[in-house]
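Report on the following structure.
Readers should treat all values here as calculations from the given coordinates under stated rules, not as data from a laboratory. This structure is a prediction, so every number in the text was calculated from the model and none was measured. FYI the Cβ positions are ideal-geometry reconstructions off the backbone, even for glycines, and counts take in every protein chain you see.
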Amino acid sequence: MMLEARGLSKRFPWGRSLGGARAWVRAVEDVSLGVAAGETVALVGESGSGKTTTGRMLAGLEVPTAGEVRFRDQPLGALTGAAWREYRMAVQMIFQDSQASLNPRKTLAQILDVALGARGVPAARRSDAAAELLREVGLEPVGTFLPRFPHQLSGGQRQRVNVARALATDPAVIVADEPVSALDLSVRAQILVLLQRLQRERGVAYLFISHDLAVVRSVARRVAVMYLGRLVEEGPTEAVFRRPAHPYTVALLSATPVPDPRAAQRRQRIILPGDIPSPLAPPPGCPFHPRCPIAQDLCRREFPPLVEVAQEQRALCHFPGEL
Amino acid sequence: MPEPLLEIEDLHTHIATPRGVVRAVDGITLAVPRGAAVGLVGESGSGKSMTGFSVLRLFPTARARIVRGRIRLAGRDLLALDDEAMRRVRGGEVAMVFQDPATFLNPVLPVGRQVAEAYAMRHGWSRAREHALEALALVGLPDPDRLYHRFPHELSGGMRQRVVIAIATVCRPLLLIADEPTTALDVTIQAQILDLLQRLRRELGMALLLITHDLGIVAEVCEAVSVMYAGRIVESGPAETIFAAPGHPYTQGLLASALTIEEARPITRVMEGTVPDLAALPGGCRFHPRCPMVMDRCRTDDPPDLALGPGHAAACWLHDPTVAAGRAR
């Protein structure tokens, strides 16, 4: 595996009660997930599902409370010196908010210069390399873009700059956290086309974090669904979308509107009751049981097993495939 | 054909900016029949939100102003009303729900009180509490008596949006304008809110003008659609027709970029460029710089709405009879 999570957990301290135990937000609990070279794996879920924290741990921006991240089959803890630097170059991240992730006081030339310097590109070659990167992400004519500041760009252009900066270190994996969620439909398609072209040309793998299942279906080979810090279902995208096994996946798909009035009439919608529970106090038993349409006593009592429901498809459920 | 409730005709709303006049709404015509759900679709900067604000004459900036056009509600000319009369229309016959419930609600006032206030503004305080409790129950909030005294920050995003909808519907409006009502919500909560809006339409006989960028939501909720681009409605018609046989290249491009959970679509056909600067619109058809089917005429002449079928029209020269005849030959 190029990049892998093994039993990854992350807890954040939350407040402090006098004389009492400290409260912990269980952002991520026991998540295992791998990204192979050149593939796209989607990590989907709603707010508080832990998908962003999982991505940040895989990108080395957050230290796990338990479990480990492995890069090219080496645990991160074992990487030192050059190997650690190689990991930091090889795994890059792009974010939803294209503006916040770019230094507003630096021109595109300066932003890319820093990133290229980090990879060890000699100063004399960096301006050519920066121009080449902008060309690669479609910001042309390059000469007019290099001296610009981020605020002088549209949202789509800024996201292209973020992609260019990520490419500056010649990464093997890009963790893309909602990279197109803030963009308009036509611009979104432009960025998705760009990401796919870069994958073809450079063989870069993506961990594509998104709440948008329609985008996921078209970009990812494999998909992992998270709910309340847990990975509740994973498998090949086609299989999970055609035959979702976890009741949460079933409900999530049925709740997603489709841009086709005839299909909308045909589809049966499952409307889950209530809200996503607080990760401060996840429910006992199966974390999904309070909203699950088919929950039984067993689900309220016992944590569910990870069941192999089809080839390479697993669901964390006592009754997979029954909704 | 049901009787029209809202009729917007040749509406122009401009915003004065240091860079010049932004023609946010640039001559749109739109009708919402009684009890119907009409979707107003567009990307950012299309003018769809300003259209909603124009109906209520409630603008986020003092620099915005309706310069021309007619807005009629149940036959009454809204633009002829003075500010006081318009205040009574807002929250009365017409109410609006916005994307972010957190900023709409008063953080220091219990939510029930805010619903009651919306009722009292029109009908006085004597039965306001009773009607507020009823409205909270109607939007599906559990235990209205207890919830009445809670503050917005004590509620989840989905519950807050329900409170906002209770405020909007407590006076039983004829028309609810919902501007991206679920964009800030998670998918499973969005499904709850869309379901609620559909139920309120049935139970209150209320019409819905749904402003959104999300084609899936429109397909799910609306019978008719108007597509906005750079201040104009470029296509309008029955939802099934628009989705099955879009007539405007912009609508075609939007639908081609729309992805669906129903199939893995190759992401290939893409509209290049972005929405133009509304202070410096291109001449001729405003979509022509991005249009894959652009003709000479499109660069100079602004196309009128051309009929394509029953209730279906597109502002595009491709549908001009002479062009259509030429293509047929």
(request) Excluding residues fewer than 8 places away in the same chain, name every one of the lysines whose C-alpha is closer than 16 Å to that of A:Lys10. (result) A:Lys51
(message) What whole-number distance in Å separates the alpha-carbon centres of the range A:278-323 and the range A:35-65?
(response) 21 Å
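When only C-alpha pairs under 8 Å and at least 6 residues apart count, what is the relative contact order of the range A:30-142, in percent?
On the way: 46 pairs, mean separation 13.9, N = 113.
Rounded, it is 12 percent for the range A:30-142.
For n ≥ 4 DSSP H runs only, could you compute -39500 (n - 2.57) per run for chain B, divide by its residues and tell me the 222 nm figure to the nearest 500? Write down the numbers at each step before the final one.
Working: 13 runs with 114 residues, N = 329.
Taking each H run of at least 4 residues, the total per residue is -9500 deg cm²/dmol.
Can you give the mean number of other chain Cβ atoms that lie within 10 Å of the Cβ atoms in peptide A:273-281? Walk me through the intermediate numbers first.
Details: counts 4, 7, 9, 6, 0, 1, 0, 0, 0.
Mean partner-chain Cβ count within 10 Å for A:273-281: 3.
Taking Rh as the Kirkwood radius, which is the inverse of the mean 1/r over Cα pairs, what is the Rg/Rh value for the range A:228-313?
Values: Rg = 14.3 Å, Rh = 14.4 Å.
With Rg and the Kirkwood Rh in hand, the quotient comes to 0.99.
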(message) For chain A, take the convex hull of the Cα atoms, compute a quarter of its surface area, and give me that in nm², please.
(response) 19.4 nm²
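What ranking do B:Arg23, B:Arg286 get, fewest neighbouring Cβ atoms within 10 angstrom at the top?
Sorted ascending by nearby Cβ count, the order is B:Arg23, B:Arg286.
Run the helix sum for chain A: -39,500 (n - 2.57) per DSSP H stretch of 4+ residues, divided by residue count, reported at 222 nm to the nearest 500 deg cm²/dmol.
On the way: 12 runs with 112 residues, N = 323.
That calculation yields -10000 deg cm²/dmol at 222 nm.
Taking Cα pairs under 8 Å and at least six residues apart, what relative contact order does chain A come out at, in percent? Mind dumping the intermediate values first?
Details: 611 pairs, mean separation 66.0, N = 323.
Once normalised by length, the contact order is 20 percent.
Partner chain Cβ atoms within 10 Å, averaged over the residues of B:191-201 - can you pull that number for me? Before the final figure, lay out each step's value.
Details: counts 10, 6, 0, 4, 3, 1, 0, 0, 0, 0, 0.
Across B:191-201, the average partner-chain Cβ count within 10 Å equals 2.
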(message) Quick one: 3J(HN,Hα) in Hz for the range A:302-317, Karplus 6.51/-1.76/1.60 with θ = phi - 60°, rounded, Gly and Pro as x.
(response) 10, 5, x, x, 8, 9, 7, 9, 7, 4, 6, 10, 10, 9, 8, 7
(request) Using the 2.2 N^0.38 Å rule of thumb for compact globular proteins, work out how the range B:153-266 stacks up: its C-alpha Rg over that value, please. (result) 1.17
(request) Would you mind estimating how fast chain B diffuses translationally, via Stokes-Einstein at 25 °C and 0.890 mPa s with the Kirkwood radius over Cα pairs, in µm²/s? (result) 117 µm²/s
(request) Mind sorting B:Trp125, A:Trp24, B:Trp317 by how few other Cβ atoms lie within 10 Å of their own Cβ, fewest first? (result) B:Trp125, A:Trp24, B:Trp317
(request) Give the distance, in whole Å, between the Cα centre of the range A:212-266 and the Cα centre of the range A:99-163. (result) 35 Å
(request) Provide a whole-number value for the mean count of partner chain Cβ atoms within 10 Å of the Cβ atoms in peptide B:272-279. (result) 3
(message) Taking amide H atoms as placed 1.01 Å from N in the peptide plane, list the residues 5 or more away in sequence, or in a different chain, whose amide H sits under 5 Å from that of A:Thr40.
(response) A:Tyr206, A:Arg221, A:Arg222
(message) Under the rule of at least 5 residues apart or a separate chain, name every residue whose amide H is placed under 5 Å from the amide H of B:Leu208.
(response) B:Ala36, B:Ala37, B:Val38, B:Leu176
(message) Counting only Cα atoms, I'd like the Rg/Rh figure for the range B:195-329, Kirkwood definition for Rh.
(response) 1.00
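Got a sec? How would A:Tyr227, B:Tyr148 order by Cβ neighbour count within 10 Å, fewest to most?
Arranged by neighbour count, lowest to highest, A:Tyr227, B:Tyr148 become B:Tyr148, A:Tyr227.
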(request) For the protein assembly as shown, build the charge dipole from Cβ charges (+1 Lys, Arg; -1 Asp, Glu) around the Cα centre, then report which of A:Val121, A:Ala168, A:Ile270 sits farthest towards its positive end. (result) A:Val121
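Wrap a convex hull around the Cα atoms of the range B:108-164, take a quarter of its surface area, and give that in square nanometres.
Taking the Cα atoms of the range B:108-164, their convex hull projects to 3.5 nm² on average.
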(request) Rounded to whole Hz and in sequence order, give me ³J(HN,Hα) for the range A:233-248 from the Karplus expression 6.51 cos²θ - 1.76 cosθ + 1.60, θ = phi - 60°, writing x for Gly and Pro. (result) 7, 8, x, x, 3, 4, 5, 5, 6, 7, 9, x, 9, 7, x, 5
(request) For the protein assembly as shown, state what percent of all Cα-Cα pairs lands in each successive 20 Å bin, counting from 0 Å until the bin that includes the largest distance. (result) 17, 48, 32, 3, 0
